[in-house]
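Take a look at the structure below.
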Amino acid sequence: MLDVKNVKKQFGEKTVLEDVSLTVNKGDVVVILGPSGSGKTTFLRCLNHLERADQGQLTLDGQAYDLATLNRKEVLDIRRKTAFVFQHYNLFANKTALENILEGLIVARKVPKAEAEKIAQEALEKVGLLSYKDYYPSQLSGGQQQRIGIARAVAVKPDVIFFDEPTSALDPELIGDVLGVMKQLADEGITMIVVTHEMSFARDVANHIVFMDGGHIVEQAPPKEFFLHPKEERTRRFLARILSDSSYTIDELA
């Protein structure tokens, strides 16, 4: 459903991504793990053209694109088939929760207003926030704002949703609500690529783990194989550090 080949990205003289390839099937939940600076977020942003890749090919829903030479029509085509949930919510401060969702439907997708309002309210109900539809972002907690961001993504019915560290800006007590919504979406068969540091989500929800470091994919495997039998030394060192900084054990993660 989504096939990415040989993505490369440099910022000046620094190579951030080098020959990154990934295949995602319909209904997959792919979690990308790795240390800070490994290229995880840049990779996601290149797929949605929030950053222009220097090299790489993307095939989405049978349509092939050259990520280095995308024109405006191709960018819009990719963005109509995808949705992006940001680390810092990216809601319009002067619009209510409902209006934040309506914006993408009416303005970007030209959905008639009455139909868009029905879709937006259904999306808010899915994330448990329909009663907050008239609240502004400043009146909502960080977790609620992120759930609005997820509702906005779901409302456009994308082929795949990209999540860029969706819980990293949240207080610990708010993380569970957001992860719960994401697990619900996974149970419904929505295809997701998730950059996260949440090991329990990777264990419980993902069906494929990708580990990145230094702009490369070091290793990828199903969760149980990844956590119990990592093949690469760099992966083993990463997991050892994660485990030493948390209350998890390998058995719990597997």
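The values are calculated or read from the model by the stated rules, or taken from the named source; none is laboratory data. What you are looking at is a predicted structure, and each value in this text was computed from that prediction instead of being measured. Glycine also receives a Cβ, built like all others from the backbone with ideal geometry; neighbour counts cover every protein chain displayed.
Out of Phe201, Phe238, report the one residue that is touching a residue at least 40 places away in the same chain (Cβ under 8 Å), over 19 Å from the mean Cα position of the chain (by Cα) and either buried (at least 16 other Cβ atoms within 10 Å of the Cβ) or assigned to a helix (DSSP H, G or I) (or both). That would be Phe238, the only listed residue that is touching a residue at least 40 places away in the same chain (Cβ under 8 Å), over 19 Å from the mean Cα position of the chain (by Cα) and either buried (at least 16 other Cβ atoms within 10 Å of the Cβ) or assigned to a helix (DSSP H, G or I) (or both).
Working only within region 119-145, note down all residues that are outside any loop (DSSP other than H, G, I, E, B) and either loosely packed, with under 13 Cβ neighbours inside 10 Å or hydrophobic (A, V, I, L, M, F, W, C) (or both). Within region 119-145, Ile119, Ala120, Ala123, Leu124, Leu130, Ser131, Ser138, Gln139 meet the criteria.
Restricted to region 162-198, and to residues there that are more than 22 Å from Gln220 (Cβ to Cβ) and acidic (Asp, Glu), the residue that is surrounded by the most Cβ atoms within 10 Å (Cβ to Cβ) is Asp177. Of the listed requirements (1) of a type in the set (Asp, Glu); (2) within 15 Å of Glu99 (Cα to Cα); (3) at pLDDT below 95, Glu122 misses just one: (3). Taking interchain pairs and intrachain pairs at least six residues apart, which have beta carbon atoms under 7 angstrom, with the first residue in region 147-160 and more than 24 Å from Tyr136 (Cα to Cα) and the second outside any helix (DSSP H, G or I) and of a type in the set (D, E, K, R)? These pairs meet every condition: Asp159/Asp61. At pLDDT 95 or above, surrounded by 15 or more Cβ atoms within 10 Å (Cβ to Cβ), touching a Pro at 6+ places or on another chain (Cβ under 8 Å) and among the charged types (D, E, K, R) - does that describe any residue in region 217-233? Yes: one or more hits. The criterion of at least 1 residues that are in contact with a helix residue (DSSP H, G or I) (Cβ under 7 Å, 6 or more places away or on another chain) and in contact (Cβ under 8 Å) with a residue 40 or more places away in the chain is met, among strands (runs of 3 or more DSSP E) falling completely within region 23-103, by 29-33, 55-60, 82-85.
Each residue in region 1-22 was checked for being assigned to a loop (DSSP other than H, G, I, E, B) and over 21 Å from Thr191 (Cβ atoms), and 2 of them qualify. None of Asn71, Asn6, Asn25 is touching a Ser or Thr at 6+ places or on another chain (Cβ under 7 Å), of a type in the set (S, T, N, Q) and surrounded by fewer than 15 Cβ atoms within 10 Å (Cβ to Cβ) except Asn6. Is it fair to say Ile148 is at pLDDT 95 or above and outside any helix (DSSP H, G or I)? Criteria not met by Ile148.
The set of residues from region 1-58 being more than 27 Å from Met199 (Cβ to Cβ), of a type outside the set (D, E, K, R) and over 17 Å from the mean Cα position of the chain (by Cα) comprises Asn6, Gln10, Phe11, Gly12, Thr15, Ala53, Gln55, Gly56, Gln57.
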